Amino acid sequence: MISKDQSALLIVGHGSTVNPGSSAPTLAHAAEIRRRKVFGDVGCAFWKEEPSLRDALFLFDPESIREVCVVPNFISEGYFTQTVIPRELELSGRITKRPSGQVWKYCEPVGNHSRMTELLLKRAGEVAQDVSPAQTTLLIVAHGTDLNENSAVAAKREAEKIRAIGKYAAVLNVYMEEPPLVSNWKKLTTAPNVVVVPFFISDGLHSYEDIPVLLGITEKRSTRLRSPGRPMARQATTSPAACGEVFRRNPYNIDGRALFYAPSIGTDPGFADIIIEQAAKFDSEASRRSGTS
């Protein structure tokens with residue numbers, strides 16, 4: 001049995017070369033988990049920032065850390081969790097034993113956790129505290145397009161689960177680049193109140209600029225949505241603090257209706273608990289598979 005002092009947690013994020021705030025939630029969750037002393041060590045690695053995924057291979061001393069739990073801080077299974085992370089971390093499966101004897105356990109991404117529904121409801125309630133859910137439509141926004149197919153599926157799954165609860169007048173999954181489009185929210189909704197929650201890990205250029213423009217609550221943006229066959233242009237022009245102002249202007253009164261715009265779901269502090277639980281879930285499932293208690 002490996003003691004907690006001999007185990008480490010590696011949180012893997014996407015990161016961004018143009019938006020330094022992209023990694024902020026992952027780093028914040030790591031700091032909180034580190035404070036709780038649940039693991040002997042806690043580190044982060046990113047696909048598009050430092051430390052890189054390749055650097056992560058050398059983050060933990062194999063003499064003192066005998067076990068590393070890898071938790072992808074991603075909304076859904078997909079190309080990054082199934083191909084990029086295993087390749088860059090040299091993982092051979094769910095469990096990988098290094099030549100040093102150090103064991104790496106590859107856990108499920110945070111977006112697979114059952115508490116995603118709870119956190120979406122919490123975020124929606126926080127941003128629109130004084131309105132009746134029975135007179136409110138909740139929109140869960142994902143990216144859409146074949147580039148992010150699984151995130152679209154995850155948004156649809158969460159919308160269906162929240163819809164089944166029956167708390168809101170309506171619950172819709174909408175997308176930036178495929179129908180139903182978030183830009184068509186006025187046609188898609190009829191309730192006097194509309195709450196919009198981006199189903200993203202971090203607040204970046206999409207949540208600060210692209211989605212607000214699509215909603216019609218801001219006019220200026222420094223990013224451009226992808227045209228067919230062309231990559232997205234990216235250019236950060238304002239600070240995260242200035243961008244965050246878009247979340248503090250609620251409600252937006254548009255055509256006699258109140259629209260509330262929330263920060264991305266992945267910035268919720270509750271993600272620290274989910275990351276820990278995804279690591280613990282790996283061991284509990286392994287015990288069930290082996291027939292031990």
Quiz prompt | So VAL182, is it of a type outside the set (Gly, Ala, Ser) and in contact (Cβ under 8 Å) with a residue 60 or more places away in the chain | solution = no
Quiz prompt | Filter result (in contact with a Lys or Arg (Cβ under 9 Å, 6 or more places away or on another chain) and assigned to a loop (DSSP other than H, G, I, E, B)) within segment 101-113 | solution = GLY101, GLN102, CYS107, GLU108, HIS113
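One line per residue, one yes/no per condition, for (1) open to solvent by 60 Å² or more (accessible area, probe 1.4 Å); (2) at pLDDT below 90; (3) more than 20 Å from ILE33 (Cα to Cα):
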residue: ALA233; (1), (2), (3): no, yes, yes
residue: THR237; (1), (2), (3): yes, yes, yes
residue: ARG249; (1), (2), (3): yes, no, yes
residue: ASP255; (1), (2), (3): yes, no, yes
residue: PHE260; (1), (2), (3): no, no, yes
residue: PRO263; (1), (2), (3): no, no, yes
Quiz prompt | Among (1) open to solvent by less than 20 Å² (accessible area, probe 1.4 Å); (2) touching a Phe, Trp or Tyr at 6+ places or on another chain (Cβ under 7 Å); (3) more than 24 Å from TYR261 (Cα to Cα); (4) modelled with pLDDT of 95 or more - the single one TRP104 does not satisfy | solution = (2)
Quiz prompt | Within segment 62-94, considering residues that are touching a residue at least 60 places away in the same chain (Cβ under 8 Å), outside any loop (DSSP other than H, G, I, E, B) and among the hydrophobic types (A, V, I, L, M, F, W, C), the one surrounded by the fewest Cβ atoms within 10 Å (Cβ to Cβ) | solution = PHE80
Quiz prompt | Residue ID - least open to solvent (accessible area, probe 1.4 Å), chosen from residues in segment 115-124 that are over 16 Å from ARG163 (Cβ atoms) and not hydrophobic (A, V, I, L, M, F, W, C) | solution = ARG123
Practice problem: For CYS44, work out the one condition from (1) part of a strand (DSSP E or B); (2) more than 16 Å from the chain's Cα centre (by Cα) it doesn't fulfil. | Solution: (2)
Quiz item: Which of the residues belonging to segment 41-64 are in contact with a Leu (Cβ under 9 Å, 6 or more places away or on another chain) and within 25 Å of HIS113 (Cβ to Cβ)?
Solution: ASP41, VAL42, GLY43, CYS44, ALA45, PHE46, TRP47, PRO51, LEU53, ALA56, LEU59, PHE60
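The values are calculated or read from the model by the stated rules, or taken from the named source; none is laboratory data. Source: prediction; values computed, not measured. Using ideal geometry, Cβ is built from the backbone for each residue, glycine included, and neighbour counts are taken over all protein chains shown. Each accessible area value is taken on the protein alone, full model and side chains, heavy atoms only, with ligands, DNA and RNA left out. Shrake-Rupley method; radii C 1.70, N 1.55, O 1.52, S 1.80 Å.
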